[in-house]
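The values are calculated or read from the model by the stated rules, or taken from the named source; none is laboratory data. Please read these numbers as outputs of a predicted model, since none were measured by experiment. Cβ sites come from the backbone with ideal geometry, for glycine too, and all protein chains shown count toward neighbours. These accessible areas exclude ligands, DNA and RNA; they are computed on the full protein's heavy atoms, side chains included. Shrake-Rupley method; radii C 1.70, N 1.55, O 1.52, S 1.80 Å.
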Amino acid sequence: MTFVSDAPKENFRLGMLIYDTRYRSLTIQVVVLVLFLLFLSWLVNNTIANLEAKDRTFDFGFLLNRAGYDINQRLVDYTNDSSHLRAGFIGLLNTLLAALVGCTIATVLGVFIGVLRLSKNWLVSRLMTVYVEVFRNVPVLLWILLAATILSETAPQPKDFRSTPEMEAAGEAPKASMLFGIIAVTNRGTVIPEPKFCLGREREACHTESLQPGSPEGGLGVIDLGIFKVSLNLLALLAVFGGSIFVNRRLVRQANATQEATGERPVIWWKSLAILTVPSMILLWVLGLHWVVPELKGFNFVGGINVAHSFTALTLALALYTAAFIAEIVRAGIQAISRGQSEAAAALGLRPGRTMNLVILPQALRVIIPPLISQYLNLTKNTSLAIAVSYMDLRGTLGGVTLNQTGKELECMLLMMGIYLTISLIISALMNMFNRAVRLKER
Amino acid sequence: MKKSVFLGTLSAAALLAGVAGAGTLEDVKARGVLNCGSNVGLTGFGAPDANGEYQGFDVALCKAVAAAVLGDASKVKFVPLTGETRFTALASSEVDLLVRNSTWTFSRDVDLKFDVVATNYYDGQGFMVKKDLGVSSAKELDGATVCIQTGTTTELNLADFFKANNMTYTPVNVADDSEGQRQYLAGACDTYTTDASGLAASRATMPDADNHIILPEIISKEPLGPMVRHGDNVWGDVVRWTFFALIAAEEYGVNKANIEEVATTTTNPEIKRLLGTEGDLGAMLGLDKDWAKRAIAVSGNYGEIFEANIGSATPIKLARGLNALWTQGGLQYAPPFR
């Protein structure tokens, strides 16, 4: 009988934490972690001590107090009697609106410019190079200020639209006139017609009443969710349009199936068009849609929706700036696809446009999406430059007026950082989901 | 801006542990320089001149304090602050003293923990419009677009005024005075509102000053004054009594030109105490005997400072009004130097 003796069991000694490579890295990590936590606790402790020394408290109760100030762009109801919390919410919505519109425009522009930069047309590709280099090499704040200045200095003042009796007698026209008779571009903002609904109302009376500022939307009305109101008209429209899209997809699937089976693709574009538009139009007709055209009254245009230049300048400048970066990302993505792919597509007889849309871009998306996420995040965070052009975003309301009027710097800044962090993480998560959907499926 | 405010708060929190103990007066003496929070640029009150030197009504008070404490009116570092950054800067000890058209309100005094030690200018909020707008009263501004500096008391007064008169308006929130003027001149707003003195100062710098009028309505009380941190009474006393010395000097006819002469010839015991030839008021403040004399000698008494910077001989053309001495029907009044 033989015994295979185990290797002599080494007893654990304290020195092994440093000299034994098995434990050393763990030791270092623990030490660093403890030091880091100590630093954090010192920071928190110091802040608390200093707040106490200054006899200041740390609480968020001020958020429920009356805000007392007005905001010019309100996506949901707000008056100066609302709370600071509500004002912050208005600012948050304004931030999100600017970010959403900015990202959309930047993506469309960026993809176009990125593709055109690779164009064989010398002039087009050089022009796009100039665009990219100019826009991404000048700080975005300057672009925002430039856009705001151009808009406010070149557009006519509201009073230039006025036609006085003397001017009419002299046969003179006002200095400025409305675009197509319905859109007023002033140096304060662009006033566009506003949709109102006249369901079940006498047309004439409804028309005159809806010219009053602040008149209800009409139609199916709104439901109050407490935090904000939702337009039932919009919900109905979305539902009908969503249904149209669903039916249209079935139609396209059928067409694809026919093509697979017979090789002939049935002509369906007019059916698609009808399915997508007719139901929505019928719904709008039933609801009694009519447009309230802005009208000059007193100092400003009344009626219609006023898109302030601060918003236009901010989103436009951010979109143009970010589009330059997105263009480079798209170009890099396209160039990452092997040339063999486009040659193979050409060999199959695909035209260049369809090669780009069906072969190159879908593959390029895998390379494009990850850096695109960071551009979306950049754009969203850059909206905090809004105060430069008087746009009341989250930074302007919660981190600006509220912070100043209440003097709660620490609370407001922490809250604002938390909100920006949350927005960024949500965008990041959504884009990562999209990325998982388009990336190369590997076994 | 966001970052800097936060970093300011954070570093203030970190640094203040050591600073909190010592008083501001000792700090200023040890440093040899007075850090004075000033306007970014408001002509007549606090703005850099062609040589980059700060000049103005508020600036003169900073210089007087520096002369009283440090013996040299040039030992002031002016820190330009916007309406938004001023209170953080004062709370975090970035500046020792804030003289920047800041209104004395309950919440700033009690909640933000600042002491307004005196009122160096009694002001009220007004509206400026272009003449061709055809408006002669603020009550006709229903539906107007109003440019308003963000982070100020005027922002809240504006909301209250329109509400009280059952009118509507569209605010355009601008970051500082220069941006407000630009937007107003470009016609992006119908009217620009801020303290009436600020409006007069802005109008003075406009190329077509005659085409702009300041409407008669004054919609609020805006007592503007130098601010110090709450709880440091020694320093608060120094600033308060330096300012009162300037008022008292006007009351007793002591000015920049005659101060040396008056100091040697006067027989009035109050003036003697003020100028340090009798008694030891300076020592009580922790300063030397000549503190008030030096403060007055920098740019003269209160009346001289007023006339030189914002008075009727300057482009700003402000009348003394409420800011006249109490003996002339105004509100400026210094307690006895005794």
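Couple of notes before you dig in:
- The one condition in (1) away from chain B (no Cβ under 14 Å); (2) within 30 Å of B:T105 (Cα to Cα) that A:K408 fails to fulfil: (1)
- Residue in the stretch A:350-366 that is among the β-branched types (V, I, T), surrounded by fewer than 22 Cβ atoms within 10 Å (Cβ to Cβ), touching a residue at least 40 places away in the same chain (Cβ under 8 Å) and in a helix (DSSP H, G or I) present: no
- Residue match in the stretch A:304-320 (condition: in contact with a strand residue (DSSP E or B) (Cβ under 8 Å, 6 or more places away or on another chain) and surrounded by fewer than 16 Cβ atoms within 10 Å (Cβ to Cβ)): yes
- A:M431 under 27 Å from A:L141 (Cβ atoms) and within 10 Å of chain B (Cβ to nearest Cβ): no
- Some residue of the stretch B:313-326 being assigned to a helix (DSSP H, G or I), in contact with a helix residue (DSSP H, G or I) (Cβ under 6 Å, 6 or more places away or on another chain) and surrounded by 15 or more Cβ atoms within 10 Å (Cβ to Cβ): no
- Residue match in the stretch B:278-285 (condition: open to solvent by less than 20 Å² (accessible area, probe 1.4 Å), modelled with pLDDT under 95 and in a helix (DSSP H, G or I)): yes
- Scanning the stretch A:127-138 for residues that are open to solvent by 40 Å² or more (accessible area, probe 1.4 Å) and within 20 Å of the chain's Cα centre (by Cα) gives a single hit, A:R136.
- Summed over the stretch B:81-122, the residues that are closer than 21 Å to A:V401 by Cβ and away from chain A (no Cβ under 13 Å) give a count of 4.
- Among all positions in the stretch B:65-78, there is at least one residue which is open to solvent by 30 Å² or more (accessible area, probe 1.4 Å) and aromatic (F, W, Y).
- B:G41 among the small types (G, A, S), away from chain A (no Cβ under 14 Å) and touching a Lys or Arg at 6+ places or on another chain (Cβ under 7 Å): no
- Conditions (1) within 30 Å of B:G143 (Cα to Cα); (2) outside any helix (DSSP H, G or I); number of the one not met by A:S310: (2)
- Near pairs, Cβ below 9 angstrom, 6+ apart or cross-chain, from the stretch B:124-153 (facing chain A (nearest Cβ under 9 Å)) to any residue that is small (G, A, S) and open to solvent by 10 Å² or more (accessible area, probe 1.4 Å): B:D142/A:G298; B:G143/A:G298; B:A144/A:G298; B:T150/B:A175; B:G151/B:A175; B:T153/B:S220
- Flag if B:G253 is part of a loop (DSSP other than H, G, I, E, B), within 14 Å of chain A (Cβ to nearest Cβ) and open to solvent by 30 Å² or more (accessible area, probe 1.4 Å): no
- In the stretch B:18-38, the residues that are modelled with pLDDT under 90 and either in a helix (DSSP H, G or I) or touching a strand residue (DSSP E or B) at 6+ places or on another chain (Cβ under 7 Å) (or both): B:G18, B:V19
- Per-region count, the stretch A:375-405, residues more than 8 Å from chain B (Cβ to nearest Cβ), of a type in the set (V, I, T) and over 15 Å from the mean Cα position of the chain (by Cα): 3
- Verdict on A:L93 being in contact (Cβ under 8 Å) with a residue 12 or more places away in the chain, farther than 22 Å from B:A164 by Cα and in a helix (DSSP H, G or I): yes
- When each of B:T152, B:T85 is tested for being in the same structural domain as B:N35 (by TED's automatic domain parsing), open to solvent by 10 Å² or more (accessible area, probe 1.4 Å) and closer than 30 Å to B:V33 by Cβ, the lone residue that passes is B:T85.
- Contact map, the stretch A:169-196: residues that are within 14 Å of chain B (Cβ to nearest Cβ) paired with residues that are open to solvent by 70 Å² or more (accessible area, probe 1.4 Å) and not hydrophobic (A, V, I, L, M, F, W, C), Cβ distance under 8 Å, separation 6+ or inter-chain. Pairs shown: A:N187/A:E153; A:N187/A:T154; A:R188/A:N306; A:G189/A:N306; A:T190/A:N306; A:V191/A:N306.
- The single residue among B:T242, B:T191 that is of a type in the set (S, T, Y) and within 12 Å of chain A (Cβ to nearest Cβ) turns out to be B:T191.
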